[in-house]
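J.: Have a look at the structure that comes next, please.
The values are calculated or read from the model by the stated rules, or taken from the named source; none is laboratory data. Please read these numbers as outputs of a predicted model, since none were measured by experiment. Methodologically, a virtual Cβ is constructed for each residue, glycine included, from the backbone with ideal geometry; neighbour enumeration extends over all protein chains shown.
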Amino acid sequence: MSQRDLIMSLHKLSSKDIFLHAVNSDAWANLKKTQEWAKEIANLMRISRWIFAMLTHEMRTTIDTSNQKKVIRKLIKNNVRLHKNLKILRIVWLKKVAESEKTHSSLIVKIAIKAMTNQLMNVSMLNAYHECACELFKKNCCITQCFRCQKFDHMIRFCRKNQRCVKCADKHHIKKCMTSLNKRYCANCNENHELWRCIYFKWQQQMKQAFEIYRNRSFRYSEALRYNCTFAQFLSFSLSSSSAN
């Protein structure tokens, strides 16, 4: 059986990622061993791994996330006694700390191993001999708004809709808007009023929804991964430039 026969289906997402559904668990294991077959789908395709993100609190803002390798190496060294097999993939600040005067903030730490992520959340992470509490990071707890189409629940880099003006809701940028004050329309509901009036109530709804998700969130990653299909396994892929053929 060729490697192409091990693939059941492909599904492209708006983020340019691709979900590959394998025939069964043995096919999934076989596809993971090599990446040569991925070039048949796209030349610049790379296999991405499972990422388990957690939120680490009270981290010093002196950490420079622009130098990922150096910071990750230092964090692993600080936790070598407490967490021996710690493998950090990436770290990023939850908010922009460069513009703030805070000395401590929350850091998103992405781990490669699920069991290690649960262990860190059960114990803590050490940063310069200081214990930092960790919790599971949920993206749905954050309010996101697109400033291209003015809608919620997605960001501008993932938006495929047309540009909507904040003043008149037409398909142009606000800088090019020549609409008079008495002819303003909302880009969210298309009513005859300014966008900020509708945004206020939308933000109230989004805040309630985010708070409800945060209150009912899980505190650990489950032992068994959930799949959105009836197949045995599926893999996630990432396209750096070209799309799938």
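J.: Condition (residue is modelled with pLDDT of 75 or more, assigned to a helix (DSSP H, G or I) and touching a helix residue (DSSP H, G or I) at 6+ places or on another chain (Cβ under 8 Å)) applied to region 29-51: is it met by at least one residue?
T.: Yes, region 29-51 has at least one match.
J.: When you scan region 53-66, do you find a residue that is touching a residue at least 24 places away in the same chain (Cβ under 8 Å) and either in contact with a Pro (Cβ under 8 Å, 6 or more places away or on another chain) or assigned to a helix (DSSP H, G or I) (or both), even just one?
T.: no
Residue-wise test of (1) without any contact (Cβ under 8 Å) to a residue 60 or more places away in the chain; (2) surrounded by 11 or more Cβ atoms within 10 Å (Cβ to Cβ); (3) in a helix (DSSP H, G or I).
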position	(1), (2), (3)
ARG157	yes, no, yes
LYS161	yes, yes, no
VAL166	yes, yes, no
HIS172	yes, yes, no
CYS186	yes, yes, no
CYS189	yes, yes, no
CYS198	yes, yes, yes
TRP203	no, yes, yes
LYS208	yes, no, yes
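J.: Given the conditions (1) surrounded by 13 or more Cβ atoms within 10 Å (Cβ to Cβ); (2) outside the structural domain of GLN209 (by TED's automatic domain parsing), which single one is not true for GLU101?
T.: All conditions are met except number (1).
J.: What residue, of ALA210, ALA169, ALA187, ALA224, is of a type in the set (A, V, I, L, M) and at pLDDT below 70? Quick ask: steps written out before the conclusion?
T.: Working: ALA210 fails: at pLDDT below 70; ALA169 fails: at pLDDT below 70; ALA187 fails: at pLDDT below 70.
ALA224 is the lone residue from the list that is of a type in the set (A, V, I, L, M) and at pLDDT below 70.
J.: Have a look at SER25, SER2, SER14 and point out the one that is within 24 Å of the chain's Cα centre (by Cα) and either polar (S, T, N, Q) or modelled with pLDDT of 75 or more (or both).
T.: Details: SER25 fails: within 24 Å of the chain's Cα centre (by Cα); SER2 fails: within 24 Å of the chain's Cα centre (by Cα).
Exactly one of SER25, SER2, SER14 is within 24 Å of the chain's Cα centre (by Cα) and either polar (S, T, N, Q) or modelled with pLDDT of 75 or more (or both), namely SER14.
J.: Quick one: in region 75-89, of everything that is in a helix (DSSP H, G or I) and within 24 Å of the chain's Cα centre (by Cα), which residue is surrounded by the most Cβ atoms within 10 Å (Cβ to Cβ)?
T.: First, the residues of region 75-89 that are in a helix (DSSP H, G or I): 75-78.
Narrowing the set further to residues that are within 24 Å of the chain's Cα centre (by Cα) leaves 75-76.
Details: LEU75: 23, ILE76: 15.
Within region 75-89, the match that is surrounded by the most Cβ atoms within 10 Å (Cβ to Cβ) is LEU75.
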